[in-house]
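See below for the structure under consideration.
Every number in this text was worked out from the coordinates using simple rules, so none of it is lab data. On a predicted model such as this, the values are computed, not experimentally measured, just so you know. Neighbour counts run over all protein chains shown; Cβ positions are idealised from the backbone, glycine included.
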Amino acid sequence: MMRIDLRVELLTDVSVSASNRSLGDAGALDYLPGRLFWGAAAAAAYPEKGSPCPDPELDAIFLGGSVRFLDAVFELDGQRAYPTPRSWHAGKYEEKPSRALNLAHDETRRAQQGQLEPLGGGWRLPDGRTISAAMRYGLRTAMTASGKPEQGMLFGMESLPAGTLLHGAIEAGDPKVLGQVKGWLLGDKRLGRSRGAEYGLVRITEAAHPAQPLDSAQGRVCRISILVCSRLGLRAESTGQPRLVPLAKDFELPDDWSFVQAASFVRTSRYAPFSGVRRRPETERQVIDPGCVLTFAGSTAVELTTQRSKLRGGVGLWRAEGHGEVVLAPTWLTEGIISLPAAEPPRQKAPSVKLERPGDELFAWATARDEQRRAHWQSAASVTEDFLQLEDFRLPASQWGVLHRLAREAAFSAAARARLPIRLREVTEEGVSATAVAWGRRRRGETAARTLRRLCEERSHDPRWLELLASYGMREAPAGVEEDAR
């Protein structure tokens, strides 16, 4: 089969649901399934030809399986990523393991006695370095037919961030057909959820270099470990029902070969792909997840090169949509201990976007409210520290109440705010409250009255700060102080 490698750049965030849940957080895939590109190419092909579905020629391309659209996964410096094998384990609580123990290797699995935890999940470059993108999470609300928000229908959306680079591919046996599909697919496309709104814009171009394959074993063998690189769908021939236990015949292996369950690591999931033509989900699919490790063994030796050529077009169902991509006997699975690189590549980060500042009245009002809230929280944070300087004076709640009233008056009257320093001096130096039982108490060589006025001067006699301080003082005032003051 001929192959064209693709470079996919995310111009906006792209969200692809990991399952068919309609409520709650269904999660999002950290790659773009081949079905998205399959659908994008079909959406461009049928209108271009001017004939609606069904069309015999186009149906042969998109429904006959003559063209295969592979998943788009992370890339770095032209290298595509592969899923981390689920057979890889490391010591439990080991923060940065320097090696991975491949438990698909019998001797390694039997020799381990300590506690281990899997390294499965995520993506790695062929040299073993991990690569990922910081997923984004946002809240959205469902809308009614009248354009108003639906009550109680707030939901979250996880997405790959804009700026992420992915590597995909298309394969076909006919070079003419492959050229046609490339013309339908290249360019700016909309993929995934909410692609009619702010999500899903990507730019697809032809990659400068083909993907670097994983290092693989060679020769004749009687045992093979297979790395599943995409979703894998199998079906029982007798019933037509989904089958999650692989068989040797699924991979063109001899009849005397069998599935080695102890050396295999399988995880499954189910989902229902959405049909853009029918505007509804299709039949639910049960699949084996990427990163799973399938091990087979038998008495008849097979040539690895010949076996790989048999599986070049994939395994199982829905191969045209990217399912069934596998790698036979990579060195990641033939060796017992895998050395992991110490240096990790940085996460792909979305580029910073500079937005122009709006000049309308609504933005000015929202900015003013935001500044008020920021000032409020800054005052609230400083009140806790300032109160510690007055806590030892054990001031009664009634005196804090007087300060609270003064602060409220100053907040709503410019004249009262101008007289606030004078009123504070009068309250703390005149009358009974100014005696030793209240503001006249002395701690660390300074009276309570002098400490309060000093703090007010440091805060520029801010009424909001004084109101918060007085409220804090009333809550923290010790019980029984009012009786002592009398």
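Quick one: grab the alpha carbon gyration tensor of region 133-208, order the square roots of its eigenvalues as a ≥ b ≥ c, and give me rounded if a/c is under 1.5, else prolate or oblate depending on whether a/b is larger than b/c. It comes out prolate by the Cα gyration axes.
Which whole-number percent of Cα pairs in region 220-339 have a distance greater than 24 Å?
Numbers: 2016 of 7140 pairs.
Percent of Cα pairs beyond 24 Å in region 220-339: 28.
Average projection, convex hull of the Cα set of region 361-485: 8.1 square nanometres. Could you work out how far helix 448-458 tilts from the main Cα principal axis of the chain, as a 0 to 90 degree angle to the nearest 10? For 448-458 against the chain, the angle is about 50 degrees. Computed from Cα positions, the angle between helix 361-387 and the longest principal axis of the chain comes to roughly 60 degrees. Three principal axis extents describe the C-alpha atoms of region 93-134; from largest down they are 36, 23, 16 Å.
Among HIS461, HIS376, the order by Cβ neighbours within 10 angstrom, fewest to most, reads HIS376, HIS461.
The residues neighbouring ASP289, those whose beta-carbon lies less than 14 Å from its own, together hold a net charge of +2 under the Lys/Arg +1, Asp/Glu -1 convention.
Net charge within 12 Å of ALA407 by Cβ-Cβ distance, Lys/Arg positive one each and Asp/Glu negative one each, not counting ALA407 itself? Can you show the working numbers first?
On the way: positive: ARG405, ARG408, ARG417, ARG423, ARG459, ARG464; negative: GLU409, ASP462, GLU467.
Local charge sum for ALA407: +3.
Between 0 and 90 degrees, the angle of helix 397-412 with respect to the longest Cα principal axis of the chain falls at about 70 degrees.
What the Cα convex hull of the chain gives, in volume per residue, is 258 Å³.
In the chain, Cα pairs under 8 Å separated by at least six residues give a relative contact order of 19 percent.
How much space per residue, in cubic angstrom, does the convex hull of the C-alpha atoms of region 1-143 take up?
Looking at region 1-143, the number lands at 219 Å³ per residue.
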